[in-house]
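Remarks on the structure that follows.
The values are calculated or read from the model by the stated rules, or taken from the named source; none is laboratory data. Since this is a predicted model, take the numbers as computed values, not measurements. For neighbour counting, all protein chains shown are included, and Cβ atoms are generated from backbone atoms with ideal geometry for every residue, glycine included.
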Amino acid sequence: MKLFYLFFLALGLLLGRATPARAQFLWQRLIGKATANETGEYMIPVAGGFVTLGTASSATASANAALYLSKVNYRGDTVWTKRWTFRQVDIIYPKGLIEDATGNLVVCANTLAPLATPTSPIPPNQGLLVKLTATGDTLWTRTLPSSGPNSSGFLSLVLGNNGSYVAVGEYATLPVLVKYSPAGALLLNLSIPYSSTIQGYLQNIVAVPNGYLLLCPPSSGNLPCKYITVDEQGIYQGERLGGRVPSYQLQRDSQGNILTAGVFGVTKLTPIGDTIWSHTYRRSNRTVDVKRLVETPAGNYLVAGTRNNGIDNDIDLILVDHNGLQLRDTLLVRFQSEENVAGVALTPVGDYVIAGGTNSGQNGRPDQLVFALRNWSRFLPTATRQPAIPDLLAAYPNPTTDAATLEAADGHPLTGNWTLYDIVGRAVQKGMLPGVARPRISIAEQPAGLYLLRLTDAQRHTTQTLRLEKK
């Protein structure tokens, strides 16, 4: 590991006074070898630091044929690096990295075997699951075999509710949910059904209470994606239609909601897949391709993605509040070099750590990239700004016995639609706002309890979620 000066430029902070870019950085590192190419594609926080997963190949190889993992501590010092090659594997594609309850690491990937001859057909994918100790030593490997000419492989991996390792992928062209025990026993290999109206594949998965929420992107760009809920045995429970945005990441926040990081921004969902809000973020009139996000102790979300400048990709960091509204951001640019985001996490004191890869490292080759920034709440004074319109909405009386009146502080007429969710995230009532300053919404037919009321005003481009209590 060598110290590497990225010559990043911080092109802007939305709030607070402008500060030189170098003041943000705590440390920056490139991890790799002068005689090899290393990529960074996933990163997770672990005890004592962070582990980054990618691939490696020799400088003369035409493809990445080895897994490459590294661990750095909170100061950016390399703790260990590991690489693994596998017999009869010519190319390897990492698809997920998790830490289990005992601190072991689990990697899922897809592999391609070498061509028998230069003119041979491309061999099918094969899924690979590898369990490692906390220091990167192999405990066991498992494969999801292909079937004849058909590819089989993993697409996403998550730690199950009962400590198992759960993945979605394909087996002989069928979408499957696969579950392994910590000892490597195959517990479940189940095809997931689809409706006849939307076809696609299983792209992502997140654990929710009593089961899992699966993301299925459409086979056509003109169709919405689908969120499918299954129980612990993989049995279909229901589905919801979402937007048209595939997701790189699904994760739960501290309130039990689901956050997606995708091509066109961030979406917040209930545990069964109903959309609470969705936001796209732009920089210099270009959309930020959001790759990863993490929740901060204050209940905000730190979003990390890339923005294409017309030549290559730069890294953009955005701090948003619990409603997805942008608070601060900074764009990190390195000229004539393309970076990607593998992960974003927090140190124990709340500083920001971002991992990824660069196609032009210190030795002129791809390397894993890890750097840390100061926590913005400590780095800059909190600026005073007028609250956004969504924060000014109120409902009264609350609690109520039958109806609540909605009102904006500036008295503007409220238009759009509203949805009432019960405590488990089910949509139980919907309606339209009539375009008056103080509309009343009746919830008399609902039983006593706590509810979330989501209001969407398409004209003002705002979405707000209010808590209501029915007595």
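Given the criteria at pLDDT below 85, farther than 30 Å from residue 240 by Cβ and not in a helix (DSSP H, G or I), does residue 384 qualify? Criteria met by residue 384. Just one of the numbered conditions (1) closer than 23 Å to residue 249 by Cα; (2) in a loop (DSSP other than H, G, I, E, B) is not true of residue 120: (1). Of all residues in the stretch 418-436, those that are part of a loop (DSSP other than H, G, I, E, B), surrounded by 13 or more Cβ atoms within 10 Å (Cβ to Cβ) and in contact with a Leu (Cβ under 9 Å, 6 or more places away or on another chain) total 2. Looking at the stretch 1-24 only, could you name the residues that are modelled with pLDDT of 50 or more and either in contact with a Leu (Cβ under 6 Å, 6 or more places away or on another chain) or part of a loop (DSSP other than H, G, I, E, B) (or both)? Selection gives 24 alone. Is it fair to say residue 445 is surrounded by fewer than 19 Cβ atoms within 10 Å (Cβ to Cβ), of a type in the set (Asp, Glu) and not in a loop (DSSP other than H, G, I, E, B)? Spelling it out, it is not the case that residue 445 is surrounded by fewer than 19 Cβ atoms within 10 Å (Cβ to Cβ), of a type in the set (Asp, Glu) and not in a loop (DSSP other than H, G, I, E, B). Against the test of being under 21 Å from residue 51 (Cα atoms) and touching a Ser or Thr at 6+ places or on another chain (Cβ under 6 Å), the options 130, 79, 106 yield a single qualifying residue, 130. Taken as a whole, the condition of being over 15 Å from residue 464 (Cα atoms) and modelled with pLDDT of 85 or more does not apply to residue 423.
Tallying residues that are of a type in the set (Gly, Ala, Ser) and under 18 Å from the mean Cα position of the chain (by Cα) within the stretch 279-323 yields 3.
Residue 278 meets each of the listed conditions (1) part of a loop (DSSP other than H, G, I, E, B); (2) under 27 Å from residue 157 (Cβ atoms) apart from (1). Of all residues in the stretch 255-272, those satisfying the criterion of being in a strand (DSSP E or B) and not charged (D, E, K, R) are 258, 259, 260, 261, 262, 265, 266, 267, 269.
Just checking, which of 132, 157, 112 is at pLDDT below 95 and under 26 Å from residue 83 (Cα atoms)?
112
For the stretch 288-337, the tally of residues that are among the β-branched types (Val, Ile, Thr), under 25 Å from residue 465 (Cα atoms) and without any contact (Cβ under 8 Å) to a residue 40 or more places away in the chain stands at 2. Taking the criterion of being within 19 Å of residue 166 (Cβ to Cβ), outside any loop (DSSP other than H, G, I, E, B) and either touching a Leu at 6+ places or on another chain (Cβ under 8 Å) or of a type in the set (Gly, Ala, Ser) (or both), would at least one residue in the stretch 286-298 satisfy it? Checked the stretch 286-298: no residue is within 19 Å of residue 166 (Cβ to Cβ), outside any loop (DSSP other than H, G, I, E, B) and either touching a Leu at 6+ places or on another chain (Cβ under 8 Å) or of a type in the set (Gly, Ala, Ser) (or both).
To keep it simple, each residue is scored yes or no on (1) in contact (Cβ under 8 Å) with a residue 40 or more places away in the chain; (2) closer than 26 Å to residue 27 by Cβ; (3) crowded, with 22+ Cβ neighbours inside 10 Å.
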| site | (1), (2), (3) |
| --- | --- |
| 46 | yes, yes, no |
| 56 | no, yes, yes |
| 66 | no, no, no |
| 90 | no, no, no |
| 100 | yes, no, no |
| 123 | no, no, no |
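Mind listing just one residue for me: the one in the stretch 247-285 that is among the aliphatic types (A, V, I, L, M) and out of contact with any His (no Cβ under 7 Å at 6 or more places or on another chain) and, of those, modelled with the lowest pLDDT? Out of the qualifying residues, it is 263.
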